[in-house]
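Novice: Take this structure first; my questions come after.
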Amino acid sequence: FQNDTVYSFGFSEDSDKKILDQIYICYYLNDDEFILKIKPNGNDEIYLAKIKPLSTLSETIAFTESKMNECIKINDYDTVVVPFINFKAEKIVSEIINLYFKSPKFFNQRISYAAQSIDYKLDNNGAKLESIADIMIAADAVEDVDETPRPVSKNLVLDKPFLLYAKESTAKKPYLAI
């Protein structure tokens with residue numbers, strides 16, 4: 001990868017036919033400009049586009065989608081090599097911290113902490129996306145306190161199996177782009 005050795009996985013004529021049937025070429029100008037689609041089991045699609053990046057990620061995705069033709073399965077003699085991708089991103093969602101809930105059920109409660117972490121891994125075993133949201137709720141002291149037990153915090157976990165973006169086959173916009 002740009003003259004550095006990196007771990008990668010790939011597919012060639014020696015690969016399992018079931019795996020090769022999941023890989024499509026959606027655009028091919030030459031070996032330095034192309035778009036691949038990997039269609040694993042389920043409703044997800046993973047796109048790998050070797051194209052020149054534009055000013056923003058949104059512009060690059062729009063350009064990529066404008067270049068895509070009807071996707072065709074790769075030929076048995078084509079070779080595909082993809083570097084392993086493994087990243088974790090964490091963000092404190094400061095724009096909602098200290099906001100109060102409007103629902104009477106959560107009277108006088110506010111978000112005291114909010115964060116999201118995203119883990120994404122793509123390797124020879126497949127793709128894995130895990131998103132975790134942490135929210136802590138604090139109740140401010142008031143003279144007339146409702147004794148109904150209130151939730152203190154929530155931990156919500158969602159699991160779902162170059163430009164890389166993934167989307168559902170029926171969606172117009174990707175749910176992940178890196």
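Just so you know, all these numbers are worked out from the coordinates, no wet-lab data involved. Predicted model, so just to flag it, every value in this text is computed and none were measured. Backbone-built Cβ (ideal geometry, glycine too); neighbour counts: all protein chains shown.
Novice: Can you give the net charge of the other residues whose Cβ lies under 14 Å from the Cβ of E59, counting K and R as +1 and D and E as -1?
Specialist: Overall, the nearby charge balance is +2.
Novice: So who's got an amide H within less than 5 Å of the one on S8, skipping anything under 5 residues away but keeping other chains? H placed 1.01 Å off N, in plane.
Specialist: When sequence neighbours closer than 5 places are left aside, the close amide H contacts are F84.
Novice: Residue-wise, which Karplus ³J(HN,Hα) couplings in Hz belong to the stretch 54-67, taking 6.51 cos²θ - 1.76 cosθ + 1.60, θ = phi - 60°, and x for glycine or proline?
Specialist: 9, 4, 10, 5, 4, 5, 5, 5, 4, 4, 4, 5, 6, 7
Novice: Right, another one. Calculate one ³J(HN,Hα) per residue across the stretch 27-33 by plugging θ = phi - 60° into the Karplus curve 6.51 cos²θ - 1.76 cosθ + 1.60, and present them in order as whole Hz with x for glycine and proline.
Specialist: Each residue of the stretch 27-33 in turn: 6, 8, 9, 6, 5, 10, 8 Hz.
Novice: Non-local amide H neighbours of A127 (under 5 Å, H modeled in plane, Pro and chain starts lacking H): which ones?
Specialist: Under 5 Å from the amide H of A127: no residue qualifies.
Novice: Return the sequence-ordered ³J(HN,Hα) values of the stretch 116-125 in whole Hz as given by the Karplus equation 6.51 cos²θ - 1.76 cosθ + 1.60 applied to θ = phi - 60°, using x for Gly and Pro.
Specialist: Once θ is set to phi - 60°, the couplings for the stretch 116-125 become 9, 10, 10, 10, 10, 9, 9, 8, 5, 8 Hz.
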